[in-house]
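Each remark here refers to the structure printed beneath this line.
What follows draws every value from the coordinates through simple rules; no lab data is involved. These numbers were taken from a predicted model, which means no experiment stands behind them. Here the Cβ positions follow ideal geometry from the backbone for every residue, glycine too, while neighbour counts run over all protein chains shown.
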Amino acid sequence: MASSKSTSIWTRKRDLVYLGFFFTHVPIMLMVDIVPFYPEAIRSDVLVNIRQFYIETFRDKFFETPPNWFMFFLAMELVYHLPLSIWAVGALIRKDPLVPVHLLIWAVQSFITTMTSLVDVWSWTDRTTDEKYNITTLYGPYALLAAFMGFDMFLRLRSLLVGKIKNA
């Protein structure tokens, strides 16, 4: 059961930012990130072209010749991020009490995988500093949002748990 249904999403500024993120994250995953996992029968030319545009624009080696560990990160997007992101859109709107738990897990996982990717990007010797910077402008805000969200969700859970302990 959702708590504080009277508190509109429009008054919860951080949740509104998270809602906007998840609302846009789903189509990006579907149109770029997880396209390699689609069976040929549903991998349309439009999706292939969008993904190719991304690769050509940002020269992101992870999408050109992905290492095994990066393919694992993309698989996590398929089996974990996509379902969670779809759930999060509705859960944030209705202020589901499980939001802090799920988004803390999402945030920690996202921060670690994104920072791992960024560390690798800056070790590339076949890309210019400008090209690495361009990729960082995509991955960096994602890492920052994950860090902020993780800290926010930790504080929300801490507040709930400390309140319960004090009332016990």
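Looking at the range 38-92, what % of the alpha carbon pairs are farther apart than 15 Å? Mind showing how you got there, number by number?
On the way: 965 of 1485 pairs.
Percent of Cα pairs beyond 15 Å in the range 38-92: 65.
Assuming 0.36 nm per residue, please report the length gained on full extension of the stretch residue 40 to residue 130 beyond their Cα-Cα distance. Numbers along the way, then the final one.
Numbers: separation 90, 0.36 × 90 = 32.40 nm, distance 3.45 nm.
Stretched out fully, the residue 40 to residue 130 stretch lengthens by 28.9 nm.
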For this session: For helix 13-28, report the angle its Cα long axis makes with the longest principal axis of the Cα atoms of the chain; keep it between 0 and 90° and round to the nearest 10°.
Result: 30
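With r defined as the distance between the Cβ atoms of residue 102 and residue 47 and R0 fixed at 45 Å, what FRET efficiency is calculated, to the nearest 0.05? All intermediate terms of the calculation are to be shown ahead of the outcome.
On the way: r = 28 Å, r/R0 = 0.62.
The computed FRET efficiency comes out at 0.95.
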Exercise. Which is farthest toward the positive dipole end of the range 12-166 among 100, 47, 139, measuring Cα position about the Cα centre, with Cβ charges +1 (Lys, Arg) and -1 (Asp, Glu)?
Worked result: 100
For this session: Provide the per-residue ³J(HN,Hα) series for the range 116-125, in order, calculated from phi with Karplus coefficients 6.51, -1.76, 1.60 and θ = phi - 60°, each as a whole number of Hz, with x at glycine and proline positions.
Result: 4, 5, 5, 4, 5, 3, 6, 9, 5, 9
Exercise. How large is ³J(HN,Hα) for each residue in the range 97-103, as worked out from phi by the Karplus curve 6.51 cos²θ - 1.76 cosθ + 1.60 (θ = phi - 60°), to whole Hz, x for Gly and Pro?
Worked result: x, 8, 3, x, 5, 5, 6
Exercise. If the cut-off is 12 Å between C-alpha atoms, which aspartates and glutamates fall inside it for residue 61, apart from same-chain ones fewer than 8 positions away?
Worked result: 120, 126, 131
Seminar exercise, completed: Applied in sequence order to the range 39-52, the curve 6.51 cos²θ - 1.76 cosθ + 1.60 (Karplus, θ = phi - 60°) yields integer Hz couplings, x standing for Gly and Pro, of x, 3, 4, 10, 8, 6, 4, 4, 5, 4, 5, 4, 5, 5
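Considering Cα pairs under 8 angstrom that are at least six residues apart, work out the relative contact order of the chain and quote it in whole percent. Let's see the in-between values first.
Details: 120 pairs, mean separation 47.7, N = 168.
This gives 28 percent for the chain.
Work out the length of the dipole vector of the chain about its Cα centre, built from +1 on the beta-carbon of each Lys and Arg and -1 on the beta-carbon of each Asp and Glu, and round it to the nearest 20 debye. It would help to have the intermediate numbers written out before the result.
Details: 16 positive and 14 negative charges, 238 e Å.
Here the size comes out at about 1140 debye.
Starting from the Cα gyration tensor of the range 1-75, take the square roots of the eigenvalues, sort them a ≥ b ≥ c, and report rounded, prolate or oblate (rounded when a/c is under 1.5, otherwise prolate if a/b is larger than b/c, else oblate).
prolate
Any idea what % of Cα-Cα pairs in the chain are farther than 20 Å? Let's see the in-between values first.
Details: 8006 of 14028 pairs.
Of all Cα-Cα distances in the chain, 57 percent exceed 20 Å.
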Exercise. What residues from the range 113-132 fall in the zone where the backbone N is under 13 Å from a label point 7 Å along the Cα-to-C-beta line of residue 138?
Worked result: 118, 121, 131-132
